[in-house]
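The values are calculated or read from the model by the stated rules, or taken from the named source; none is laboratory data. Small disclaimer: the values here were computed from a predicted structure and weren't measured. Cβ placement follows ideal geometry from the backbone for every residue including glycine, while neighbour counts extend to all protein chains displayed.
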Amino acid sequence: MRSPIVYCGPMWGGKTEALISRLVRAKLQDIPVLAFNPRRNQRYGTTDIKAHSGAHFPAISVESGEEILQVCKERDPAVVGIDEFFMIPDAMAAVSALLDRRAKVVVATLDMDSEAKVWSSVTDLMGIAEEIIKCPAVCASCKGDAYYTFRKGMAPSSRLLVGTDDFYEPRCRSCFEAGQEAKRVQDGEEGLFSQQARR
Ligand SMILES: [Zn+2]
């Protein structure tokens with residue numbers, strides 16, 4: 001098994017599902033597996049890793065990469081799964097240390113935020129990855145392959161994209177850019193309106 005393996009892409013691309021199937025396979029092979037996810041992701045109210053499809057896998061929720069490493073030092077897993085890697089501070093340091101310990105690491109993560117900026121920890125991760133699998137979703141506008149996560153107009157502009165599935169949708173590049181342009185136009189009009197209202 002290559003390591004690290006990175007499943008990445010937008011929301012709803014099946015990254016977590018792919019991660020879970022890797023972990024289940026390792027378990028069936030009687031390989032000691034541990035899985036982690038970020039503690040602040042309370043989307044589904046449990047500590048399991050859960051995919052949109054309903055697949056799930058028991059996981060330990062952590063606040064930092066340091067915590068991942070501590071648990072792994074105690075329990076010495078051969079395979080380590082990390083879901084929502086981009087949300088865990090210092091997760092990259094944990095991955096490097098796990099590789100030094102000869103553990104195999106499988107990661108699922110968003111690659112870009114809703115402004116199409118790549119998370120810097122994900123850039124680092126991809127640099128050392130032995131296998132990278134892009135998991136496109138289906139564009140909510142045109143049904144093409146979607147590699148972007150689009151933030152709908154009324155969504156709060158937090159960078160973290162947590163627990164607010166209703167506020168986001170997957171889009172292909174051209175539908176993403178059209179949506180970003182529409183938001184800029186709307187923001188401009190609202191700015192103009194409030195300027196006029198103040199006069
Ligand atoms: Zn599209």
Filtering region 96-127 for residues that are more than 30 Å from Cys172 (Cβ to Cβ), in a helix (DSSP H, G or I) and among the aliphatic types (A, V, I, L, M) leaves a count of 3
Return the residue satisfying two criteria in turn: it lies in region 128-150 and is of a type in the set (Gly, Ala, Ser) and part of a strand (DSSP E or B), and of such residues it is farthest from the ligand (Cβ to nearest atom). Ala137
Yes or no: region 54-62 includes at least one residue that is modelled with pLDDT under 95, more than 20 Å from Glu131 (Cβ to Cβ) and part of a loop (DSSP other than H, G, I, E, B). yes
Is there any pair with a first residue in region 26-40 that is farther than 20 Å from Gln70 by Cα and a second that is at pLDDT below 95 whose Cβ atoms are under 9 Å apart and which are 6 or more apart or on different chains, and what are they? Ala26/Met1
The listed residue being touching a strand residue (DSSP E or B) at 6+ places or on another chain (Cβ under 8 Å), under 30 Å from Pro89 (Cβ atoms) and modelled with pLDDT under 95, out of Leu125, Leu161: Leu161
